[in-house]
Structure formats: C-alpha cells, structure tokens
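The values are calculated or read from the model by the stated rules, or taken from the named source; none is laboratory data. Keep in mind it's a predicted model, so treat the numbers as computed, not measured. Please note: Cβ atoms are built from the backbone with ideal geometry, for glycine as well, and neighbour counts cover all protein chains shown.
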Amino acid sequence: MALGSDPGSPALRLHHLALGTPEVEELAQFYRELFGLAENSRQLDAQGRLRSIWLDLGGALLMIERTDRPPRRVDGVGRGPFLIAFRVGRAERDRLERELERRGHLIESRTAFSSYSRDPDGNRLAISTHPES
C-alpha cells in the first residue's frame, strides 16, 4: 500500500526543503524580504551559534542550514535538486523581477510563465505564474 493511500491516514506532503550556506542569517533575510516568508524558528548548535533558520512556505518549511562546504552551481536541469520555484500572480512576477534586478540578481531567462534568477548563494530560483493543473 502506498503512503497516504489509506483513507484514514493523512496525505503524504512535503515537510521541508533545505539550503546549506555559510551565511545563514543573510540567506534567510533574502527569502524573508523578497518572498515575505515568515520565520518559524531558529536552531543553535552546542556552542550557542546560529545553526539554522526555518522559514514558513505555507505548509512546508525552507530550512536555511549552516555549512562550510563549497557552493555548487547548477545550470538548466541538473541531476538532483536544481530549482526552487515560487508560484506568484502576474503583477507579483513583474514586481519580483524588478526587485531581484535591483538587488543585483539578474533574470537569467524567461518563459511564458516563469522567470529564472539566483539567490545570494547562487541557488537557482524561479518565480512562476503557471496555472495549477
């Protein structure tokens, strides 16, 4: 029996996405300010230093986690996770494009429904007006 297929059990849903960064506060601030994500909580390590900030994605979390590992850049469709896409309205897409460019994050490409850019760590993101199927 597949997860979530029992009529009495809750549907299987995404719990969180996680991004690693050496600059937890700065990357969390980008997502809070640009997309209006509310901060859910902060976690500290054993020494009392900031380890992660969890942001509310409206049913799932975006966990910004501290790491010292080097960044990796994904262009186009990469193997494994390669994009974070946010659903927005048409006017919001235009506003977010302008705000991204104001912050120095160029729009790398566009389709009829989506605009593609990068966050401060180089993670690929999209703002999309694609209708739900």
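Could you list, ordered by first residue, the pairs with Cβ atoms under 9 Å in which the first is in region 73-97 and assigned by TED's automatic domain parsing to the domain that holds P131 and closer than 14 Å to R110 by Cβ and the second is part of a loop (DSSP other than H, G, I, E, B) and among the aromatic types (F, W, Y), at least 6 apart or interchain?
What qualifies is R93/F113.
Somewhere in region 94-102, is a residue touching a helix residue (DSSP H, G or I) at 6+ places or on another chain (Cβ under 9 Å), over 27 Å from A11 (Cα atoms) and not hydrophobic (A, V, I, L, M, F, W, C)? If you could, list the steps in order and put the result at the bottom.
Keep residues of region 94-102 that are touching a helix residue (DSSP H, G or I) at 6+ places or on another chain (Cβ under 9 Å), which gives 96, 99-100.
Now narrow it down to the ones that are over 27 Å from A11 (Cα atoms): 96, 99-100.
Next, only the ones that are not hydrophobic (A, V, I, L, M, F, W, C) stay: 99.
The answer is yes; a qualifying residue exists.
When F30 is evaluated against the numbered criteria (1) closer than 16 Å to G122 by Cβ; (2) at pLDDT below 95; (3) not hydroxyl-bearing (S, T, Y), which criterion, by number, is the only one it fails?
That leaves (2) as the condition not met.
Any idea which residue in region 82-95 is surrounded by the fewest Cβ atoms within 10 Å (Cβ to Cβ), counting only those that are in contact with a Ser or Thr (Cβ under 9 Å, 6 or more places away or on another chain) and assigned to a strand (DSSP E or B)?
Only one residue fits best here, namely A85.
Residue pairs, Cβ under 6 Å, 6 or more apart or interchain, first in region 111-133 and outside the structural domain of R93 (by TED's automatic domain parsing) and free of Cβ contacts under 8 Å to residues at least 12 places away in the same chain, second loosely packed, with under 13 Cβ neighbours inside 10 Å and in a loop (DSSP other than H, G, I, E, B). List them.
So the pair list comes out empty.
Please find, among R51, R98, the residue that is part of a strand (DSSP E or B) and farther than 13 Å from D121 by Cβ. Please lay out each step first, then the result.
On the way: R98 fails: part of a strand (DSSP E or B).
Sole residue among the options that is part of a strand (DSSP E or B) and farther than 13 Å from D121 by Cβ: R51.
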